[in-house]
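Take a look at the structure set out below.
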Amino acid sequence: MSNLVKVMFSFVLVISFYSINLFAEEPVVDLKKLEFQKIDTDKNGYIAKEEMDAYEEKLFSQLDKDKNGYIDSKEISGDETNMFQAADKDNDSKISKSESGSQFSEYFKQMDKDNDNRVNEQEYTDYWKGIYRF
């Protein structure tokens, strides 16, 4: 194989690699933007603690499929971020309503980088980028 062909082949591989990574990144960011917009119910560009609490209530209700007041590992799958483990404070293999609320409060504090008691879209997206480690 000539050097020119090797260089061209390497170039194509590098471009393909970066293109795949860029495309893989985009859907997660877009999904988080859409999620941010769902949580920001008053559409002021910020998530207030009350909006985060309301979102947690709704999400907990959706995930608690058997409506027993707990989310167990059968009701949540594909947890690549270890959120289930982080929320299960008493290690009983299920998340209570109290544990869920506590975990969402912790997330809110971590997202609110400027400590103004509200989370803007950039803070929200940056937080999730750190969790998914693009």
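Values in this text are rule-based calculations from the coordinates and carry no lab data. Since the structure is predicted, the reported quantities are computational estimates derived from the model, not experimental observations.
Counting only C-alpha contacts under 8 Å and six or more residues apart, can you give the relative contact order of segment 44-134 as a whole percent? Walk me through the intermediate numbers first.
Details: 81 pairs, mean separation 30.4, N = 91.
It comes to 33 percent, rounded to a whole number.
With 19 Å as the limit, write out which pairs from 43/129; 67/94; 49/113 have Cα-Cα distances beyond it, or answer none. Please list the in-between numbers first.
Values: 43/129 22 Å; 67/94 13 Å; 49/113 14 Å.
Where the Cα-Cα span goes over 19 Å, the pairs concerned are 43/129.
Working only with C-alpha atoms, what are the Rg and Dmax values of segment 39-120, expressed in angstrom?
Gyration radius and largest Cα-Cα distance of segment 39-120: 13.4, 39 Å.
If amide H atoms are built 1.01 Å from N in the plane of the peptide, which residues on other chains or at least 5 residues away come under 5 Å of the amide H of residue 72?
Amide H neighbours of residue 72: 95.
In whole Hz, what ³J(HN,Hα) sequence does segment 121-128 give by Karplus (6.51, -1.76, 1.60; θ = phi - 60°), x for Gly and Pro?
Calculated HN-Hα couplings, in order: 4, 5, 4, 4, 5, 4, 4, 5 Hz.
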